[in-house]
Amino acid sequence: MNEPTSNDVVQLDNTSYLRKLTEAEKQQVGDSLSVKVIVKNGCDDYDRIGRVTLIYAHKNTNYNDASAQGIELLRIMTPFNYRTRQPDNIPYAADISQLVGLFKNSSIDIWLKVDIFGTTGAGQKETIGCGGSLLTYIASVSFISNEQKNNSQLKVYPLLNYYPLNGEDTSDGYNAKAAYFTLARSSKSAKLYIISSGHGAAEGGEEYNWREHIVFLDGKAVKRLDVKQNCVPFEVYNTRFNGIYNRGGISKERRSWCPGAPVPIHIVDLGALNEGKHTIKIEIPDAKLLKTQSTYYLSDYVVVE
């Protein structure tokens with residue numbers, strides 16, 4: 001779309017928009033924080049990936065500065081939709097209270113980036129009123145917080161931000177990716193936050209599977225994650241006939257993501273950590289990536305106290 005945007009919004013491309021938070025907005029954040037996205041159907045009637053990403057960098061630098069760090073707050077999947085059918089507004093939300101310390105940091109600037117891929121080639125033909133339309137989706141993003149203003153003692157260490165694990169890079173082992181962070185002092189507790197979804201629609205592709213994820217801390221396996229998601233609660237948002245919800249038996253299927261749903265955020269308790277360098281590796285040993293041209297998109301970060 002070539003529609004104009006407001007002065008405080010940067011249109012990076014047709015699917016990506018960016019907005020810098022003001023200091024006044026940062027100061028309104030209390031002890032709790034959640035991000036909410038509402039997507040209104042347009043003329044893309046298929047399931048697509050959307051993301052809300054927090055980007056922060058040193059004060060008075062730009063979002064693409066070398067110091068900039070990205071943290072994926074929320075990943076969504078749009079439903080198979082028919083524009084004129086209800087419900088045509090899909091809500092998504094995630095609790096991100098663990099990140100409030102970033103908003104209280106006066107030495108950084110923060111941007112909010114929103115991406116929703118879309119194309120109307122099919123919708124123009126399949127949806128009444130969409131002939132020639134280039135409108136894919138309309139999205140609104142909100143932060144919701146309380147009024148408490150205590151300082152957060154949590155520190156955030158970004159690791160991976162939407163990393164494409166596709167089987168080509170084996171430097172960290174088969175179907176695996178590692179990232180590193182360094183603690184200046186020991187922490188009494190640490191938690192790892194992970195978003196992962198498998199994509200690949202070829203026969204046997206990872207879109208149709210869920211795979212156990214193994215989390216390694218400093219070379220030791222500390223958690224096996226079951227990333228399967230129950231798609232039944234999100235069937236109501238899929239108003240267009242499709243091959244996922246309309247083939248029967250959806251209550252017995254488990255996928256790593258569901259059309260019309262947020263991708264789950266998995267939390268792993270890492271316990272107390274000593275000062276120094278630490279390694280987090282995520283492995284998906286059973287995934288068939290190269291064979292089926294599939295990709296798992298991985299985002300993770302560590303929060304320590």
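The values are calculated or read from the model by the stated rules, or taken from the named source; none is laboratory data. Remember, it's a predicted structure, so these values are computed and weren't measured experimentally. FYI the Cβ positions are ideal-geometry reconstructions off the backbone, even for glycines, and counts take in every protein chain you see. Ligands, DNA and RNA are excluded from the accessible area calculation, which covers all protein heavy atoms including side chains. Shrake-Rupley method; radii C 1.70, N 1.55, O 1.52, S 1.80 Å.
Observations
- Of the listed residues T239, T182, the order by accessible area with a 1.4 Å probe, largest first, is T182, T239.
- Stokes-Einstein D for region 156-305, Kirkwood Rh over Cα pairs, 10 °C, 1.306 mPa s (µm²/s): 96 µm²/s
- Length-normalised contact order for the chain - Cα pairs under 8 Å, 6+ apart - percent: 25 percent
- All Cα pairs of the chain, percent lying beyond 37 Å: 17 percent
- The loop-placed trypsin sites (Lys or Arg not before Pro) in region 225-274, going by DSSP, that have at most 12 neighbouring Cβ atoms within 10 Å of their Cβ come out as R247.
- Peptides 81-88, 192-199 ranked from most to least packed give 192-199, 81-88, packing being the mean of other C-beta atoms within 10 angstrom over each peptide's residues.
- Accessible area of the chain belonging to carbon and sulfur atoms, whole % at 1.4 Å probe: 48 percent
- Separation of region 100-141 and region 246-268, taken as the distance between their Cα centroids, equals 22 angstrom.
- Too-long pairs where the Cα-Cα distance tops 21 Å, listed order kept, from K228/K252; K191/K252; K155/K228; K20/K277; K20/K177: K191/K252; K155/K228; K20/K277; K20/K177
- Centre-to-centre separation between the Cα atoms of region 160-192 and those of region 20-91: 23 Å.
- Semi-axis lengths, Å, region 74-150, gyration tensor of Cα atoms, sqrt of 5 times eigenvalues: 36, 14, 9
- Qualifying aspartates and glutamates (Cα of each under 12 Å from Cα of K125; at least 8 residues distant if same chain): D44, D45
- Of the three principal axes defined by the Cα atoms of region 43-88, the extents in descending order read 46, 15, 14 Å.
- Heavy-atom accessible area per residue - the chain, 1.4 Å, Å²: 48 Å²
- For N209, net neighbour charge (Lys/Arg +1, Asp/Glu -1) across residues whose Cβ lies under 13 Å away: -1
- Filtered GluC sites (Glu not before Pro), region 193-240: DSSP coil and at most 10 other beta carbons within 10 Å: E203
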